[in-house]
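*Asks:* There's a structure below that I have some questions on.
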Amino acid sequence: MDLPQTIEENEVHRGWLRIVKRRLRHANGGVQEYEIVNPNTHSVCALVLDINGDVVLIELYRFGQHRRPMELPAGAVEEGESLVQAIAREILEETGYEGTLTEVGEHFIAAEHGVTRHVFVAQNSKQVAQPTPEQSEIDEGAQVRILTIEDFKSLVRSGMLTETGAAFMALDHLDLL
């Protein structure tokens, strides 16, 4: 089936999130308007395993859920950065760790998002520095947490990890599901 034709596109918000309103004509002639969050952008995310095979996570306040979930190190790809440079930077900033990186796949965050998330595994990771979180992460009380792989798999299965899809992709790549 053919993709809809874009009739008009306008930016309606630019802040921490960018929102674009796109008017489309579908193959059957119907016209619909959609709001897309961060269209045509890329982010990175990694399952970080330390030298013991334990998982390195971040815990911080998230305003959307109004709670402190655990997360995989993740973030936006900055202009001029490769995907590997972006995830290495994010892991180091958020956890202070470095490891051997392998890209394991990509997925979309949600239907209304235009973000492609690139998923990595960082193995044999070691802490080489103290975390240097961004000011917003400091305000949100970011803390590094270490879980055994079994506890991490339980967390993923519970649905209480913010990057569940990325975690499943990484665990599948490692044959740990």
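*Asks:* Return the residues of the stretch 155-177 that are assigned to a helix (DSSP H, G or I), surrounded by 12 or more Cβ atoms within 10 Å (Cβ to Cβ) and among the hydroxyl-bearing types (Ser, Thr, Tyr); say none if nothing qualifies.
*Replies:* THR164
*Asks:* Follow-up. Any idea how many residues of the stretch 125-147 are exposed (fewer than 12 other Cβ atoms within 10 Å of the Cβ) and either at positive phi or assigned to a strand (DSSP E or B) (or both)?
*Replies:* Looking only at that region, the number is 2.
*Asks:* Further question on the same structure: Quick one: what pairs do we get from the stretch 34-61, first residue surrounded by 15 or more Cβ atoms within 10 Å (Cβ to Cβ), second part of a loop (DSSP other than H, G, I, E, B) and polar (S, T, N, Q), C-beta under 7 Å, 6+ apart or different chains?
*Replies:* ASP54/THR148
*Asks:* If you don't mind, there's one more thing I want to ask. I need a count of the residues in the stretch 101-154 that are among the hydrophobic types (A, V, I, L, M, F, W, C) and either under 15 Å from LEU49 (Cβ atoms) or at pLDDT 95 or above (or both).
*Replies:* Count: 13.
*Asks:* Separate question: Quick one: is ALA122 aliphatic (A, V, I, L, M), in contact with a Leu (Cβ under 7 Å, 6 or more places away or on another chain), outside any helix (DSSP H, G or I) and touching a residue at least 40 places away in the same chain (Cβ under 8 Å)?
*Replies:* Spelling it out, ALA122 is indeed aliphatic (A, V, I, L, M), in contact with a Leu (Cβ under 7 Å, 6 or more places away or on another chain), outside any helix (DSSP H, G or I) and touching a residue at least 40 places away in the same chain (Cβ under 8 Å).
*Asks:* As an exercise: evaluate PHE108 against (1) buried (at least 16 other Cβ atoms within 10 Å of the Cβ); (2) touching a Ser or Thr at 6+ places or on another chain (Cβ under 7 Å) and give the number of the one condition it does not meet.
*Replies:* The number of the failed condition is (1).
*Asks:* Then there is this: Answer yes or no as to whether ASN52 is at pLDDT 95 or above, closer than 30 Å to SER158 by Cβ and polar (S, T, N, Q).
*Replies:* yes
The values are calculated or read from the model by the stated rules, or taken from the named source; none is laboratory data. In this text, all values refer to a predicted model and were calculated from it rather than measured experimentally. Using ideal geometry, Cβ is built from the backbone for each residue, glycine included, and neighbour counts are taken over all protein chains shown.
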